[in-house]
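The values are calculated or read from the model by the stated rules, or taken from the named source; none is laboratory data. Since the structure is predicted, the reported quantities are computational estimates derived from the model, not experimental observations. Positions of Cβ are backbone-derived with ideal geometry, glycine not excepted, and every protein chain shown enters the neighbour counts. Only protein heavy atoms, including side chains, enter the accessible area calculation; ligands, DNA and RNA are left aside. Shrake-Rupley method; radii C 1.70, N 1.55, O 1.52, S 1.80 Å.
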Amino acid sequence: MTDERNFRSSYYEKVGFRSVEEKKSLEILLKERPFDKAKLKQFCLRFTVPAMYRNFLWKVLLDVTPVYMESHEFIMAQRRKEFQDLQRALKVAKIIDDYTKPHLVFLAMWLLRKRRAKVDVTIQLESSLHRAMSKIAETLWNVIDVESEQEKLVDMYWILSGFFVQVEKVQKEVGKLQECTYALLEREDAELYKHFVNINALHNLPYDTWFCSCFAGVICDGSIAKIWDKIIVSNFSAYRILVFVAVVTLTTLRRLLLRCESTDNVLDTVNNITEETSEVIVNKAIESMQQSGTTQQVDMYFTKHS
């Protein structure tokens, strides 16, 4: 049976239908009562979540909805009510109005719920962390697929609330992630590494923005969900996918980057990645993370510098 499954998996992958088996595996997991979050997290780490299940699965893993299916309707009713209360409170306080951009509304609501909102929330939203969170909110709108706009708004807010918890954890590790990026880049492409050192770009790239935004605004919306499937697992090892995305982005663009003569030139190149290149980067980054040797190198670095 194992041999047969391995043959089937290999065949699906070669002809481009690997997702067929992944979808079936996820559907089996979603039939369990209650849901086994450990198994669902493992699925997210190993595979890409099928788009049709992403919204539902993310809500379960981010604790928006419970593992008990029979409680979902009641919990989401409460979530909708709290969403409306927060939105109403911000409007009464004249912090937002009907013309405020949705991603800023979500962020202001999150700050209010966390009891961190200040009188002048506009200035507060200009911090580097909150700008990164704002990029995530903008991108998530194009990732989440829900037919009802009102339902989409509610789901968006609660998924973001869970996502922002992960982002705050990432922010605390930015220094380690950055140092690990240097080490991995030097190992993977010594020529490119030396070029960045020579043009004084290596230490001046916006790693904190890349990591805290989980590459929103850098990687195209159509591909970034595959990376976020790993981030929402809330497993410290999962955050290290960001290192691989950073390194693979740079090495994939190496031909163009080796021509750059300044940090600004490098950023212009990185900020204009096509959809096709984004897909290549994401797939390579996930593959690199899942290769034991490279993953062990990153794990060893983090252990050494903890």
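Checking the a/c ratio against 1.5 first, then a/b against b/c, what shape does the Cα gyration tensor give for segment 127-226?
It is prolate, given that a/c is not under 1.5 and a/b is the larger ratio.
Hey, in the GNM for the chain with a 10 angstrom Cα cutoff, which one of MET52, MET156, MET76 fluctuates hardest?
The residue that fluctuates most here is MET52.
Rounded, prolate or oblate: which one fits the chain, using the alpha carbon gyration tensor with axes a ≥ b ≥ c (rounded when a/c is under 1.5, else prolate when a/b beats b/c, else oblate)?
The shape class here is oblate.
With loop defined by DSSP as not H, G, I, E or B, and exposure as at most 15 other Cβ atoms within 10 Å, which is the longest segment of the chain clear of exposed trypsin sites (Lys or Arg not before Pro)?
In short, 119-258.
How large a share of the accessible area of the chain, in percent, is made up of carbon and sulfur atoms when the probe is 1.4 Å and the other protein chains stay in place?
It is 49 percent, rounded to a whole number.
Between ASN142 and ALA77, what is the label-to-label distance in nm when each label sits 7 Å out along the Cα-to-Cβ direction?
3.7
Positive end of the dipole of the chain, charges at C-beta (+1 Lys, Arg; -1 Asp, Glu), about the Cα centre: which of ILE136, GLN78, TRP158 has its Cα farthest in that direction?
Checking the options against the dipole of the chain, the answer is GLN78.
For the pair GLU186 and LEU29, how long in nm is the line joining their label points, each one 7 Å along Cα→Cβ?
3.7
List, in order, the whole-Hz ³J(HN,Hα) value for each residue of segment 200-205 obtained from phi through the Karplus relation with A = 6.51, B = -1.76, C = 1.60 and θ = phi - 60°; use x for Gly and Pro.
6, 9, 3, 9, 10, 6
State whether segment 22-61 is rounded, prolate or oblate according to the following rule on the C-alpha gyration tensor (a ≥ b ≥ c being the square roots of its eigenvalues): a/c under 1.5 gives rounded; otherwise a/b larger than b/c gives prolate, and the remaining case gives oblate.
Rounded, because the longest to shortest axis ratio a/c is under 1.5.
Report the dimensions of segment 31-150 along its three principal axes from the alpha-carbon atoms, largest first, rounded to Å.
Per principal axis, max minus min of the Cα coordinates gives 46, 30, 27 Å.
How much FRET efficiency would the formula 1/(1 + (r/R0)^6) give for ASN198 and GLN290, where r is the Cβ-Cβ distance and R0 is 35 Å, rounded to 0.05?
Calculated value: 0.60.
Run the count for segment 99-199, please: Lys pairs, Cα-Cα under 18 angstrom, 8 or more apart or on different chains.
Lysine pairs meeting the criterion: 5.
Each label point is 7 Å from the Cα along the Cα-to-Cβ direction; what then is the distance between the points at ASN283 and GLU168, in nm?
It is 3.8 nm.
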